1. In nm, to one decimal, how far is the modelled label at A:D130 from the one at A:A29, with both set 7 Å along Cα→Cβ?
2. How big is the Rg/Rh ratio for the protein assembly as shown, C-alpha atoms only, Rh by Kirkwood, two decimals?
3. Using modelled amide H (1.01 Å from N, peptide plane; none on Pro or chain starts), what sits under 5 Å from the amide H of B:F87, excluding residues fewer than 5 places away?
4. Dividing the convex hull volume of the alpha carbon atoms of chain B by its residue count, what do you get in Å³ per residue?
5. Extension gain B:T174-B:V79, at 0.36 nm per residue separation less the Cα-Cα distance, in nm?
6. Using helices alone, what [θ] at 222 nm do you get for chain B, with -39,500 (n - 2.57) per DSSP H run of 4 or more residues, divided over all residues and rounded to the nearest 500?
7. Please state the charge dipole magnitude for the protein assembly as shown, taken about the Cα centre, from unit charges on C-beta atoms (+1 on K and R, -1 on D and E), reported in debye and rounded to the nearest 20.
8. Set the Förster radius R0 to 35 Å, insert the Cβ-Cβ distance between A:A118 and B:N131 as r into 1/(1 + (r/R0)^6), and round the FRET efficiency to 0.05.
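Just so it is clear, none of the values below were taken in a lab; they were calculated from the coordinates. Quick caveat: nothing in here was measured; it's all calculated off a predicted structure. Neighbour counts are summed over all protein chains in view; Cβ atoms, including those assigned to glycine, are modelled from backbone coordinates with ideal geometry.
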Amino acid sequence: MLSKHKTIRVLAMMALLLAAASAVAQTTATGVINGTLVNKNGISLQFDTDPAGVTLGAAGTNAATANFGIVSAFGPLSAGVTRPSVTAASYTVRTIFDVQVIQGGLNSTTYTLAANLAAAAPTGFNYKVDAVTLTTASQTLQTNGAYSTAVPHNLDLVISTAAPGAGGPAVGTPITTTINFTATAN
Amino acid sequence: MKKVMLLTIFAALMLISSAAVAQTATGTLTVTATVNGSIQLVFNSDAAGVALSSGAGTNTATLAFGNVSAFGAISAGIVRSTTATTFTVSSAVDVLVSKTNSASANYTLKAQLGAADAVNTWQVGGTTVTNAAQSTVTATGAYAANSNFPVAITVPFTTASGTLISNTINYTATAN
């Protein structure tokens, strides 16, 4: 009789253990996900506002705008615009903008920056970046640009002093030109 | 075996080709400016007159006649004339007006004294100027050329010796 009770206790204990084990098993799950990715290399270019220049529209992108506002040989200029020279034939108004090129996955340590006008310069205008007169053909501005830093560049508008119709620019109306920039990893 | 070799060479060429393509990034900056015509006025010393003591080549200059009198010695560059009751000292002063991006053919020059002078008479280019209103010195000024508009002061004999005579003449050039 005693042995029978012992057997019952053992069976009851085993049943409890099994039940407990079963309960633990229900709250645990495991799994394995095999994730893969392909790290593509590349570089990007963006324009930033320079503290000494005009505030760019769409700064931080690769399609920005720079508005000099109203310019003249002798009159007041907008903030961020300077007039480094005035001669009998022309005057220059200048602003500063920043170019930032970022690379990933490349062994390149520097980049080459080139620029060109999207279309021929308007009458009475010449465009310079860092003293390089731009044309519709691509020209090198810098051969050792540093990555991941905002590099300032001078943007000069050289404007003829001639009157409209006599070789000078149109007056009183906004004149817009697009400059294309290309950064190439060295 | 030959097939494997060809595949290996092809793969190698693909790798070389991939490495040879330069990585580039592009951007466009759209630049806008509105040009306005403008004119500028500066004073220059005239070779025949008293040299401007300061500000030559700017629009804020100083003309110092120094000591003047009706009959005594007079400095070079000063032209003097006398009447029975007054004497006039005059010096050539050049005004240079430049224009840009403008079809204007000439300019109008006006002058006005900065402060009233009830004793002496002031003239610019032969036109009497006061502080009451602007006086037209010329209505057909030529751009980009030094134009001599003498500054003259007529002083009564009754003025005490050692009296300092000083005033400011404000010039305004307007494109016609």
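1. Modelled inter-label distance: 5.8 nm.
2. Details: Rg = 40.1 Å, Rh = 27.7 Å.
Rounded to two decimals, Rg over Rh is 1.45.
3. Amide H neighbours of B:F87, under 5 Å, 5+ apart: B:V155, B:F157.
4. Numbers: hull volume 36.6 nm³, N = 176.
In chain B, the Cα hull volume divided by residue count equals 208 Å³.
5. Values: separation 95, 0.36 × 95 = 34.20 nm, distance 2.93 nm.
Gain on stretching B:T174 to B:V79: 31.3 nm.
6. Working: 1 runs with 19 residues, N = 176.
Helix contribution divided over all residues of chain B: -3500 deg cm²/dmol.
7. Values: 12 positive and 8 negative charges, 385 e Å.
The calculated dipole for the protein assembly as shown is roughly 1860 debye.
8. Working: r = 56 Å, r/R0 = 1.59.
The calculated FRET efficiency here is 0.05.
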